[in-house]
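What follows is a set of notes on a single structure, which appears directly below.
The values are calculated or read from the model by the stated rules, or taken from the named source; none is laboratory data. Quantities reported herein were computed from a predicted structural model and do not represent experimental measurements. Don't worry about glycine lacking a Cβ; one is built from the backbone with ideal geometry, like all the others, and counts go over all protein chains shown. With ligands, DNA and RNA removed, areas are computed over all heavy atoms of the protein, side chains included. Shrake-Rupley method; radii C 1.70, N 1.55, O 1.52, S 1.80 Å.
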Amino acid sequence: MTDRQSRHRNAMRNLKSHVDEKVAAATEQRGLLLVFTGNGKGKTTAAWGTVTRTLGYGYRAGVVQFIKGMWECGERERLADDANLSVHIMATGFTWETQNRESDTQACQAVWADAERLLSDPEVYLVVLDEITYMLKFGYLDIATVREALANRPAEQTVIVTGRNAHRELLDMADTVTEMQEVRHAFNAGLQARRGIDY
Ligand code: ATP
Ligand code: MG
């Protein structure tokens, strides 16, 4: 065996024992809280990817979209026929264009009621709270309400929160936090958002 081969073999053996140890240490089974945040692209895409996984095993999923201005969405088009998926979109109010605090708050609270129903239903395996971070940032929804609903959700239920500038308390509560870091974005070079790619 060459030097290189034996070095590789040793490295793989070490890696395997390291991974085996970690697998053995991971004994708990329960629903998770995941936060996808940061300025880079991919937060909502990753959430829909996970919805697809959930539906793939015949589990139920609920998606709540907190920003109406981002309503066009290819994943929703594709998955809408699945009886195990329910989607709730903020009906009126907040978009990036119109910002009226009173109607925005009402619209937010209305869709939050849908979120609360999902968060108390043990049949729902995955709940996505898409762009909810902005609702907290603008004060349309308060963190104590969200914290309580998350803390009291069914033990087997997983929740994904997406959006930039996630509240510190959400980060502290989460089991998994991924920060999408922007290295470059086509938009800054004047390229338009692309159907079927960006939404
Ligand atoms: P995506 O929906 O593509 O996964 P995202 O959820 O991470 O993106 P948002 O902040 O929710 O990002 O932005 C929504 C829209 O803005 C999408 O069309 C997305 O492609 C685009 N976008 C995402 N990140 C950036 C960025 N850094 N600069 C400009 N546009 C962005
Ligand atoms: Mg998004």
- Task: From the list Leu150, Leu79, pick out the single residue that is under 25 Å from Val177 (Cβ atoms), away from ligand 2 (no atom under 16 Å from the Cβ) and buried (at least 17 other Cβ atoms within 10 Å of the Cβ).
- Result: Leu150
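This table checks each residue for (1) among the hydroxyl-bearing types (Ser, Thr, Tyr); (2) more than 12 Å from the chain's Cα centre (by Cα); (3) under 26 Å from Arg147 (Cα atoms).
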residue: Arg4; (1), (2), (3): no, yes, no
residue: Asp20; (1), (2), (3): no, yes, no
residue: Gly40; (1), (2), (3): no, yes, yes
residue: Ala46; (1), (2), (3): no, no, yes
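Out of Ile132, Ile160, report the one residue that is within 14 Å of Leu32 (Cα to Cα) and open to solvent by less than 50 Å² (accessible area, probe 1.4 Å).
Just a single option satisfies the conditions, and that option is Ile160.
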- Message: Show the residue pairs meeting these rules: Cβ distance below 9 Å; 6+ apart or different chains; first residue within segment 158-183 and on the phi > 0 side of the Ramachandran plot; second residue of a type in the set (D, E, K, R) and crowded, with 19+ Cβ neighbours inside 10 Å.
- Response: Gly163/Lys43; Gly163/Asp130; Gly163/Glu131
- Name every residue in segment 17-43 that is within 16 Å of ligand 1 (Cβ to nearest atom), part of a loop (DSSP other than H, G, I, E, B) and of a type in the set (D, E, K, R), in order of residue number. Lys41
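Might you check whether a residue that is modelled with pLDDT of 95 or more and hydroxyl-bearing (Ser, Thr, Tyr) occurs anywhere in segment 148-166?
Here is the first cut: in segment 148-166, the residues modelled with pLDDT of 95 or more are 148-166.
Then drop every residue that is not hydroxyl-bearing (Ser, Thr, Tyr), which leaves 158, 162.
Yes, the conditions are met somewhere in segment 148-166.
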- Only one of these conditions is not met by Gly74: (1) in contact with a Lys or Arg (Cβ under 8 Å, 6 or more places away or on another chain); (2) within 20 Å of Val177 (Cα to Cα). Which number is it? (2)
- Task: Please indicate, with yes or no, whether at least one residue in segment 126-136 is more than 16 Å from ligand 1 (Cβ to nearest atom) and of a type outside the set (A, V, I, L, M, F, W, C).
- Result: no
- Query: Exactly one of (1) in a loop (DSSP other than H, G, I, E, B); (2) open to solvent by less than 60 Å² (accessible area, probe 1.4 Å); (3) out of contact with any Ser or Thr (no Cβ under 6 Å at 6 or more places or on another chain) is unmet by Ala46. Its number?
  - Reply: (1)
- surrounded by fewer than 21 Cβ atoms within 10 Å (Cβ to Cβ), among the small types (Gly, Ala, Ser) and under 16 Å from the mean Cα position of the chain (by Cα) - does that describe any residue in segment 104-118? no
- Task: Kindly indicate whether any position in segment 98-116 is out of contact with any Lys or Arg (no Cβ under 6 Å at 6 or more places or on another chain), closer than 18 Å to Gln65 by Cα and within 16 Å of ligand 1 (Cβ to nearest atom).
- Result: no
- Scanning segment 171-186 for residues that are open to solvent by less than 60 Å² (accessible area, probe 1.4 Å) and out of contact with any strand residue (DSSP E or B) (no Cβ under 6 Å at 6 or more places or on another chain), which turns out farthest from ligand 2 (Cβ to nearest atom)? Ala186
- Being more than 16 Å from ligand 2 (Cβ to nearest atom) and touching a helix residue (DSSP H, G or I) at 6+ places or on another chain (Cβ under 6 Å) is the filter; apply it to segment 34-70 and report the residue that is farthest from Cys108 (Cα to Cα). Ala61
- With respect to Gly139, is the statement that it is more than 15 Å from ligand 2 (Cβ to nearest atom), modelled with pLDDT of 95 or more, open to solvent by less than 80 Å² (accessible area, probe 1.4 Å) and small (Gly, Ala, Ser) true? no
